[in-house]
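The block underneath contains the structure these notes are about, expressed in structure tokens.
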């Protein structure tokens, strides 16, 4: 095979002529006759030949146009007709798969449709159609996957008309597994019933949502629920601010004191600690709640704790929760006690829903770039294409 034959990247072609100008025009024909595609008979005859004009990649800044001679064969054994098959060239298309994939990857990388219309000499509607075709192809390949063993579940806002959607994330591989419209058990029931591999799920990371907890207990029977540390910390801080508002409404609005109350004691300087102690001395109840809150926060922030140490820490944490139940922070203690087992599992399990929240930020940017989505399936397909796979399609 000559060098120009190998440059084309299409096997079984013989280059007859090359003309270089503003565009590179290549005339080529197939090398040899194939066997019958119907009966595999080895001897076929050429009935007719027609020409195909195809766009095929770019060499430097010049577009390559392929003038392809396509024979039509007749099989003397089965008396059927067929056209010569080419690898990487689909029937009735005006561009090779290599060229279509080049446009897709350029648009995927951020090149606008307007720029591609000038560099690749195709319309913006064609760019969108090719992009949607490859995205649909990849999403169809992802549809046969089984549910991962470690998943994160969280909700995000989709649109005013459709409301919220639920995101399922593969926390082990950092990929979006799927996006489902709705966040309640009735809206997710049909999807979860037919979800392959849901009985093999081992860990589900989620926020402090009671509806999601019931869904996991019903549809993921073998999974252990682990709460997300961020949401637990936010819950404690929220209750602390509410109790502070009841004790001292004026001091609650002071930005300097608010900054000191929110920070951990080990992140304060000596001067800041003295200032905070002087303020808390004037409110004994608030000071006791603050001290209990800091002790509780130390338990919440523990990570990768071994089983023996976790058994020693559990009675101490239960005593602290009991103290909170006998204080104005009773509602906080009741919430933590109801979620105690998933919270304790945070000590042993290191994954969190921060990966899911990061994907939600990316989904929001996808929606903004598209100026919103009316059709949820189009939105789901775009999310899976950008967040659910590596972004590379195997070349034909």
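The values are calculated or read from the model by the stated rules, or taken from the named source; none is laboratory data. What you see is a predicted model; the values in this text were computed from it and never measured. Ideal geometry is used to build each Cβ from the backbone, glycine not excepted, and the neighbour counts take in all protein chains shown.
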Problem set entry | Among residues of the range 150-161, those that are assigned to a loop (DSSP other than H, G, I, E, B) and either surrounded by 19 or more Cβ atoms within 10 Å (Cβ to Cβ) or in contact with a helix residue (DSSP H, G or I) (Cβ under 6 Å, 6 or more places away or on another chain) (or both), counted | 0
For this session: Among the residues of the range 247-272, write down those that are surrounded by 13 or more Cβ atoms within 10 Å (Cβ to Cβ), part of a helix (DSSP H, G or I) and without any contact (Cβ under 8 Å) to a residue 24 or more places away in the chain.
Result: 252, 257, 258, 260, 272
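Taking residue 107, is it at pLDDT below 90 and either in a helix (DSSP H, G or I) or assigned by TED's automatic domain parsing to the domain that holds residue 207 (or both)? Give the derivation first.
Numbers: at pLDDT below 90: yes; either in a helix (DSSP H, G or I) or assigned by TED's automatic domain parsing to the domain that holds residue 207 (or both): yes.
Yes, satisfied.
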Exercise. Can you pull out the residues in the range 342-396 that are touching a helix residue (DSSP H, G or I) at 6+ places or on another chain (Cβ under 9 Å), outside any helix (DSSP H, G or I) and at pLDDT below 85?
Worked result: 370, 388, 389, 391, 392, 393, 395, 396
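Among the residues of the range 168-186, are any assigned to a helix (DSSP H, G or I) and either touching a helix residue (DSSP H, G or I) at 6+ places or on another chain (Cβ under 8 Å) or in the same structural domain as residue 366 (by TED's automatic domain parsing) (or both)? Step through it out loud before you land on a result.
Of all residues in the range 168-186, those assigned to a helix (DSSP H, G or I) come to 185-186.
If we keep only those that are either touching a helix residue (DSSP H, G or I) at 6+ places or on another chain (Cβ under 8 Å) or in the same structural domain as residue 366 (by TED's automatic domain parsing) (or both) as well, we get 185-186.
Yes, that holds for at least one residue.
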Exercise. Here are some conditions: (1) surrounded by fewer than 19 Cβ atoms within 10 Å (Cβ to Cβ); (2) within 30 Å of the chain's Cα centre (by Cα); (3) farther than 30 Å from residue 34 by Cα. Residue 133 meets all but one. Which one does it not meet?
Worked result: (3)
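So if I check each of 59, 31, 51, which one is surrounded by fewer than 11 Cβ atoms within 10 Å (Cβ to Cβ) and either touching a residue at least 60 places away in the same chain (Cβ under 8 Å) or touching a strand residue (DSSP E or B) at 6+ places or on another chain (Cβ under 9 Å) (or both)?
Values: 59 fails: surrounded by fewer than 11 Cβ atoms within 10 Å (Cβ to Cβ); 31 fails: surrounded by fewer than 11 Cβ atoms within 10 Å (Cβ to Cβ).
The match here is 51.
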Exercise. So how many residues does the range 194-219 have that are surrounded by 18 or more Cβ atoms within 10 Å (Cβ to Cβ) and more than 21 Å from the chain's Cα centre (by Cα)?
Worked result: 4
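A quick yes/no check of all residues on (1) touching a strand residue (DSSP E or B) at 6+ places or on another chain (Cβ under 9 Å); (2) surrounded by fewer than 19 Cβ atoms within 10 Å (Cβ to Cβ); (3) on the phi < 0 side of the Ramachandran plot:
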{"site": "128", "(1), (2), (3)": "no, yes, yes"}
{"site": "145", "(1), (2), (3)": "yes, yes, yes"}
{"site": "164", "(1), (2), (3)": "yes, yes, yes"}
{"site": "176", "(1), (2), (3)": "yes, no, yes"}
{"site": "179", "(1), (2), (3)": "yes, no, yes"}
{"site": "192", "(1), (2), (3)": "yes, yes, yes"}
For this session: Scan the range 199-224 for residues that are in contact with a helix residue (DSSP H, G or I) (Cβ under 7 Å, 6 or more places away or on another chain) and in a loop (DSSP other than H, G, I, E, B) and report the count.
Result: 6
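Out of 293, 303, 287, which single residue is buried (at least 16 other Cβ atoms within 10 Å of the Cβ) and touching a residue at least 24 places away in the same chain (Cβ under 8 Å)? Walk me through how you get there before you give the answer.
On the way: 303 fails: buried (at least 16 other Cβ atoms within 10 Å of the Cβ); 287 fails: touching a residue at least 24 places away in the same chain (Cβ under 8 Å).
Checking each option against the conditions leaves just 293.
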